[in-house]
Structure formats: C-alpha cells, structure tokens
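Read through the structure below, which is laid out as structure tokens, and then see the notes.
Just so you know, all these numbers are worked out from the coordinates, no wet-lab data involved. This structure is a prediction, so every number in the text was calculated from the model and none was measured. Glycine gets a Cβ as well: all are built from the backbone with ideal geometry, and neighbour counts include every protein chain shown.
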Amino acid sequence: MTIFADELRNTADFPYQNFDIKTFRSHFNPVLSGALPQHEDLKLKYLCGPKANADDTKKLLVMNSRGQPVAVVLVASEVEPRLVDQGMAKAAAIKKYLTPDLARVILEPKATGWLHGRSYTVLPYCKPLGTGRLITRLHNLTLRPLVIDWLTQIAETTAREPTDTELYKNFIDPLKNLVQMSMVPPQAKAAANTALQQISSSQWKPRHVVMHGDLWRGNILFSDPETRPKQLPFARLVVIDWPGGMIDGYAFYDLIRIGMSMKLPKIFLQKHINRHCQILGCRTADARNHLISALAYIGQNLNHFPPQAFAELTTNCLRFLDAGLPRD
C-alpha cells in the first residue's frame, strides 16, 4: 500500500517543523490504520534518540495493543526532506535489478508519503543485531559469512564494464577530484594517482557492481522468523538504509565496510579479496583501485558528511584492505 499525502507536501504555513511525538501520533494514526489493518490500538514512540548529523532521519517504533513492535516509521529531516523517498526509490530499483533470492533481503514498504514537506515510509519491524559483547561476537560469527556470501553473489551477477562515458564520469573525474582534496591523507592521494595511471595504461579495467554504500552491522537486521522462507539461503537477512545504494556502484567498498564493522579476521579477508578479484577479472592488487574509486565517488558527493570524517573513513578503509593484501 502506498499513501501519498500530496496536500501536505507543500504546506506553506507549517514548513519543516521539528515535530514532537504528539504531532507524529496525530498525523500517522490514519496512515498506520490503513497500512497495518490487521492491528488495532497502535502505539507510536521514538525508536532511538537523535544523532548529531544534520540530515538525521527520525525513527519511530509502532507497537500493537500487546506492546509488540510491528513496524518502524522513518521521517526525513528538514535539511534533507527527500532522503527517505530517495532511499526507498533506490531500494526498489536495486531490488528489481537483483535476482529474487538476493533481492529478498530488501524490505517492501507498508506505506510511503509526505508529511509537511518531509518524505516518510512505514516498514515492517525487524529485529536488530545484539549489542552486548558476547551476542555481538555470536552474530558476527554466524551472520558475517551470510552477508559476505550475499555480497559475493551480487558481484557475480551484477559486475559489468563501464561505458566510456561512465569511465570518465564515475572513475577518472572522481579520482582526479580526490587528489585535489586538501583533507585527504597522502596515502589516499597516492592510491588515486595509481588508479588513474593504471586506467590510462589499461593495466586496470574498472567494473561497476551494485553497491549498498553504507553496509555496517547496524544496517543488518533479522527477518521475521514466522514469515521467512527457511529454505532460501538469505532468508534470515534484512538489509536496510539504501539512500547510498547504486546500481552503477563500486566493488570492494561494501565488503570492506562490513568486514570492518563485523571484525572479519585477516585470513578470511584475504580469501574474500581473492574471490572478488576472480569475479572482477583483476589482479589482487587492483582491489585498491576499486576501493579508492568508491571512496573518490563518495568524496565527490559528501553532502552532510563531515570532510574530516570522510578523511578518517578513507584511511581506515585502505588500512583494513591492505591487511588482506599480499606483501610486496
């Protein structure tokens, strides 16, 4: 079910207000009744507190009359009012591009729309990964192989050579831009220059793959155990938060980010780097070219991402990848 509140989208006398929970309840009660007709007496509360970033999306938890979570409402911020709408559009496009088994990890919204100039969506509730030390280790051990296998199959089924236009727009131009960024560490600039030289000499041939763009353990959830088709390989997984998703994305970035987040040991990192290089038809050393190209694209599209945080991300990603590459 999709609900478009067009009459609310451009309300001039109520623009981008910082809503409180009472305002959210009054506006979403009819939306939730239509989106979740099987539940009565739904309650709404904040799922988590606000974050420091300016484009932070409001997250609301929907509970049934027994206090059980049944859905989550995401409402875009006033500084990025289209962010939720864009994320859902990218998720839908990528879902169509993937095979059914790979696409199943992407949630279908219960409702989408606009609330006083901000986009929103209602998604089914899915259980997050645990945060305690022991449960984190357990989830890393049991789910990490599943997530990486999902990424590997995405690389196998979506890798393609860019067109000449895409080569310049998505690889050469961002890499040149990265070299000029003042906050970027010298090792990242050196990696970008190497990638540019190897494109020019045809030593390295870039590839596009489907990319999530922010794949860390906080964006991995468990699917509903009552409705999941247990015979399917990725039935337990749900992957959320797709505003950074790309059909014409970059190899290795998702692998490195999830590896960092879920503490992938060096021996397994080496194995997966080799596997992805086989899929992409490149040398192991070219993993650096793929990764720095992804970082260069992100650096060219920072939006509200702080430049210093991007510089740290670049350093950490390259350092983690290098741990899995053979020594010269």
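Compute the Kirkwood hydrodynamic radius of segment 128-323, taking the inverse of the mean of 1/r over all pairs of distinct Cα atoms, and give it in Å to one decimal. Please list the in-between numbers first.
On the way: mean 1/r = 0.0577 Å⁻¹.
It works out to 17.3 Å.
Take the Cα pairs of segment 58-178, get the Kirkwood Rh, then feed it into Stokes-Einstein at 4 °C and 1.567 mPa s and tell me D in µm²/s. If you can, show how the numbers build up before the last one.
Values: Rh = 17.7 Å.
So the translational diffusion coefficient is about 73 µm²/s.
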If you project the alpha carbons of segment 246-299 onto their three principal axes, what span does each projection cover, largest first, in Å?
28, 26, 18
From the C-alpha gyration tensor of segment 34-123, square roots of 5λ in Å
22, 20, 12
Once you compute Rg and the Kirkwood Rh from C-alpha atoms, what is the Rg to Rh ratio for the chain?
0.99
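In the structure shown, do any of LYS58/LYS96; LYS176/LYS205; LYS96/LYS127; LYS22/LYS51 have a Cα-Cα gap over 22 Å, and if so which?
As for pairs spanning more than 22 Å Cα to Cα, those are LYS58/LYS96; LYS96/LYS127.
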Quick check: net charge around GLY49, other residues with Cβ under 11 Å of its Cβ, Lys/Arg +1 and Asp/Glu -1?
+2
Angle in degrees between helix 21-35 and the longest Cα principal axis of the chain, rounded to the nearest 10:
90
Residue-wise, which Karplus ³J(HN,Hα) couplings in Hz belong to segment 204-209, taking 6.51 cos²θ - 1.76 cosθ + 1.60, θ = phi - 60°, and x for glycine or proline?
10, 10, x, 9, 8, 9
How tilted is helix 266-280 with respect to the longest principal axis of the chain? Cα atoms for both, answer in degrees (0 to 90, nearest 10).
80
Which order do TYR168, TYR125 fall in if you start with the one that has the fewest other Cβ atoms within 10 Å?
TYR168, TYR125
Compute the length gained on full extension between LEU232 and ALA323: take 0.36 nm times their separation in residues and subtract their Cα-Cα distance, giving the result in nm to one decimal.
29.5 nm
